[in-house]
1. Report whether or not Asn261 is of a type in the set (S, T, N, Q) and under 30 Å from Phe50 (Cβ atoms).
2. Give region 131-149 a look and list any residue that's closer than 23 Å to Lys212 by Cα and crowded, with 22+ Cβ neighbours inside 10 Å, or say none.
3. Would you say Ala305 is over 30 Å from Thr55 (Cβ atoms) and either touching a residue at least 12 places away in the same chain (Cβ under 8 Å) or more than 17 Å from the chain's Cα centre (by Cα) (or both)?
4. Quick one: would you say Ala93 is more than 20 Å from Thr136 (Cβ to Cβ) and surrounded by fewer than 23 Cβ atoms within 10 Å (Cβ to Cβ)?
5. If I go through region 295-324 residue by residue, how many of them are surrounded by 23 or more Cβ atoms within 10 Å (Cβ to Cβ) and not in a helix (DSSP H, G or I)?
6. Given (1) in a loop (DSSP other than H, G, I, E, B); (2) in contact with a helix residue (DSSP H, G or I) (Cβ under 7 Å, 6 or more places away or on another chain), where does His119 come up short, assuming only one miss?
7. Mind checking which residues of region 239-258 are in contact with a Leu (Cβ under 8 Å, 6 or more places away or on another chain) and surrounded by fewer than 20 Cβ atoms within 10 Å (Cβ to Cβ)?
8. From Thr101, Thr155, which residue is at pLDDT 95 or above, more than 27 Å from Val232 (Cα to Cα) and not in a helix (DSSP H, G or I)?
Amino acid sequence: MARSEASGGRRGQQDLALVGIGSMVLDRMHRTRRLLGPNEKGLLDSIPDFGPVQTCIGGVLLNQLGWARLFGISVGIFGRQADDDSGRVLRAAMKDSGIETHLDLSGGASSLAEIFVDHEGERAIYMAAGATAETTAAHVREDHSEFIARGLRLTTEVSQLPLDATLEALRVAHEHGLATVVDLDVLPSDAIKGLGDQSTLNAVLREADLLKPTTLAARELFPEIGSLPDLVSAIRNEYGISTIVLTDGENGSLLGDAAGNRWVVAYSIPKVVDSTGAGDAFFGGFLAGEALGLDLEAAAKLGNACGAACVEQMGAFPEAADALRERALELYDGPEPSHELWKELT
């Protein structure tokens, strides 16, 4: 692995509860009075203490692992990044959060996102995938197989990572006996245009043991199906996926597995500051909950608590870790895990 950087050491087989590959992004946050349409102009409002631009840690996969790490589970991230100023900021945040890394630093540039947030908390995101888009299937297998083997579960995305690299990560994980998780974060049509082709996307979905699609992405897979529970069932049947966790904003999350479909309602909060990363926070909390021994519904409750805590701040990554963990635990009303890590948190 040329120009590599790794944090932590090889301690033993399957000593990481969760390993992941996907987007690691420096987010540039802008506050606007409304989201603009084509050929419109508008003024940016000042963000308190930051002026017109607030720089935050972000990225679907990195956000997810950061929120999972809040609850003490061991997590690691691998993939391609750049040895530039933005990459160094991102790696410092990973180190501070206790996220172990196994990174190839030969990428051309770190990933960047320009995010515009209105006063209702809704947002528009423009992404430059950078080094994440340069990752190949060969990089995954040749450079990271041993790191993947240290995990109990692999999580990846359909967002910025090329589909062939995503697929290879899933296949390597299954070869080593890991359960697999896929976050379908962009529309399938956008994934096909920018990340790969239809057959590779289909193969990615079939390699997922657990899939978290956004509602919009799920609807595009089966546009003829109106009911969300029926949609979840159709996705499970078509791709042979054991568990679906569909996120639907303020409506909460819809779970689908062999036991059937059921909703877990979202928590009510006073005000949405910024909806960026709410789904990432949800999924990080959900995966942490499962790692701590919670059942599907209780894990979704913990995920909903993290999503609610996330939208009360600007930015998606839990940089204010202690305060955000405390807020999520304040909202969470599910059963307490018996895991020792939970006892340490509470």
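The values are calculated or read from the model by the stated rules, or taken from the named source; none is laboratory data. Fair warning: this is a prediction, and the values are worked out from it, not measured in the lab. A quick note on method: Cβ atoms are made from the backbone with ideal geometry, for glycine too, and the neighbour counts reach across all protein chains shown.
1. The answer is no for Asn261.
2. Selection gives Thr132, Thr135, Val140, Ile148.
3. Details: over 30 Å from Thr55 (Cβ atoms): no; either touching a residue at least 12 places away in the same chain (Cβ under 8 Å) or more than 17 Å from the chain's Cα centre (by Cα) (or both): yes.
Considered against the rule, which asks whether it is over 30 Å from Thr55 (Cβ atoms) and either touching a residue at least 12 places away in the same chain (Cβ under 8 Å) or more than 17 Å from the chain's Cα centre (by Cα) (or both), Ala305 comes out as no.
4. Numbers: more than 20 Å from Thr136 (Cβ to Cβ): yes; surrounded by fewer than 23 Cβ atoms within 10 Å (Cβ to Cβ): yes.
Considered against the rule, which asks whether it is more than 20 Å from Thr136 (Cβ to Cβ) and surrounded by fewer than 23 Cβ atoms within 10 Å (Cβ to Cβ), Ala93 comes out as yes.
5. 3
6. (2)
7. Tyr239, Ser242, Asp248, Asp257
8. Answer to the selection: Thr101.
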